[in-house]
Amino acid sequence: MIWYILAALLPALMVIMFSKMTKNKYTGLALATLVIGVSVYKGFFHSEMIVFLDTISLMLGYFTVDQLKLDQTIHY
């Protein structure tokens, strides 16, 4: 059960964190996808449902960054 919760939350958080660090939403999405892809390639996933949840979470993280403009620098 914990794997499904982590699969639903962590990829979105990785997209948000990488986008904030690089100041680019596309690079943040690419880095998070790369991390997920390597772990799928190495066989760290227990079912296809986890890969599906990761994909949905990556998209939700991207749309969160896009809607809230988290990748842009705010100048005061």
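Here are the numbers for this structure:
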| quantity | calculated |
| --- | --- |
| Rg/Rh for the chain, where both radii come from Cα atoms and Rh is the Kirkwood radius | 1.03 |
| Percent accessible area from carbon and sulfur atoms, the chain, protein chains only, probe 1.4 Å | 73 percent |
| FRET efficiency for Thr27 and Ile2, using Cβ-Cβ distance with R0 set to 35 Å, rounded to 0.05 | 0.75 |
| Candidates Val40, Val15, Val51: whichever shows maximal mean-square fluctuation once the chain is modelled as a Gaussian network with Cα springs under 10 Å | Val40 |
| Solvent exposure of the chain as accessible area per residue, Å², 1.4 Å probe | 72 Å² |
| Assigned charges on the beta-carbon of Lys, Arg, Asp, Glu; the chain dipole about Cα centre (debye) | 240 debye |
| The chain: relative contact order in percent, alpha carbon pairs under 8 Å with at least 6 residues between | 44 percent |
| Loop-located trypsin sites (Lys or Arg not before Pro) in the chain, at most 13 other Cβ atoms within 10 Å (DSSP) | Lys23, Lys69 |
| Full-extension gain in nm, Lys20 to Met59, via 0.36 nm per residue minus C-alpha separation | 12.4 nm |
| Candidates Tyr62, Tyr41, Tyr26, ranked by Gaussian network fluctuation over the chain, Cα under 10 Å, top entry | Tyr41 |
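The values are calculated or read from the model by the stated rules, or taken from the named source; none is laboratory data. Please read all numbers here as calculations on a predicted model, not as lab measurements. Because the Cβ atoms are built from the backbone with ideal geometry, glycine has one as well, and the counts that use them run over all protein chains shown. For the accessible areas, the whole protein counts, side chains as well, though only heavy atoms, and no ligand, DNA or RNA atoms are used. Shrake-Rupley method; radii C 1.70, N 1.55, O 1.52, S 1.80 Å.
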